[in-house]
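Reading through the structure tokens given below for one structure.
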Amino acid sequence: MKTHAVIDTNVIISALISTKSDSATVQVLDKLFDEEIIPLYNPEILKEYREVMNRPKFQIAQSDIELVIKSITESGIEIDAVYSDVVLTDPKDQVFYDIFLSFPDSYLITGNLKHFPTNDHIVNPAGMINIMTQ
């Protein structure tokens, strides 16, 4: 089953720094690499991914950063966001939410559910894995 999803930066970072190969965030990243999750993105999202993955505190190898970005751009769909009237508590989350709303039947995968309105298609990594394996 292929699923279209916007992946919040915190999910990617958590997967890349995880020491548990079976964590939900790692499983989401694996599904991205296996093209079971088709990522939705725009240039603003790619910019945030790069900036956050390059933060020294995460110590993510440049080759891993490039692999993630390449996977997203090669298997994903670049979307022009339709901007919503919903104002989120964290302005940096707005683009992720707006891209999610711009593609019907997509999901938004985030580790910060409380930052977004309640919606059955806004899920944490474990929720996404459950949906995809049922």
Of the residues in the range 1-21, those that are β-branched (Val, Ile, Thr) and in a strand (DSSP E or B) come to Thr3, Val6, Ile7
Expected single match for surrounded by fewer than 18 Cβ atoms within 10 Å (Cβ to Cβ), touching a residue at least 24 places away in the same chain (Cβ under 8 Å) and either touching a strand residue (DSSP E or B) at 6+ places or on another chain (Cβ under 7 Å) or not hydroxyl-bearing (Ser, Thr, Tyr) (or both) among Asp90, Asp85, Asp30, Asp34 is Asp90
Got a number for residues in the range 70-82 being surrounded by fewer than 16 Cβ atoms within 10 Å (Cβ to Cβ), β-branched (Val, Ile, Thr) and under 15 Å from the mean Cα position of the chain (by Cα)? 2
Please go through the range 93-123 and give me each residue that is touching a residue at least 40 places away in the same chain (Cβ under 8 Å) and part of a strand (DSSP E or B), ordered by number. Tyr107, Leu108, Ile109
Can you confirm whether the range 82-102 contains a residue that is in contact with a helix residue (DSSP H, G or I) (Cβ under 8 Å, 6 or more places away or on another chain) and basic (Lys, Arg)? yes
Scan of the range 22-69 for residues that are in a helix (DSSP H, G or I), among the polar types (S, T, N, Q) and within 24 Å of Met132 (Cβ to Cβ), ordered by number: Thr25, Gln27
Conditions (1) touching a Phe, Trp or Tyr at 6+ places or on another chain (Cβ under 9 Å); (2) surrounded by fewer than 12 Cβ atoms within 10 Å (Cβ to Cβ); (3) not aliphatic (A, V, I, L, M) -> Lys20 fails only (1)
Report whether or not Asn130 is farther than 15 Å from Asn10 by Cα, out of contact with any Leu (no Cβ under 7 Å at 6 or more places or on another chain), outside any helix (DSSP H, G or I) and without any contact (Cβ under 8 Å) to a residue 24 or more places away in the chain. no
Quick one: in the range 73-91, of everything that is in contact with an Asp or Glu (Cβ under 7 Å, 6 or more places away or on another chain) and at pLDDT below 95, which residue is farthest from Glu44 (Cα to Cα)? Ser84
With the requirement that a residue be in contact with an Asp or Glu (Cβ under 6 Å, 6 or more places away or on another chain) and either more than 15 Å from Ala5 (Cα to Cα) or among the hydroxyl-bearing types (Ser, Thr, Tyr) (or both), what does the range 92-123 give you? Thr110, His115
Condition first: within 13 Å of Ala5 (Cβ to Cβ) and touching a helix residue (DSSP H, G or I) at 6+ places or on another chain (Cβ under 7 Å). Can you find one or more residues in the range 45-57 that meet it? yes
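The values are calculated or read from the model by the stated rules, or taken from the named source; none is laboratory data. In this text the structure is predicted, and so the values were computed from the model without any measurement. Note that each Cβ is placed from the backbone with ideal geometry, even for glycine, and that neighbours are counted across all protein chains shown.
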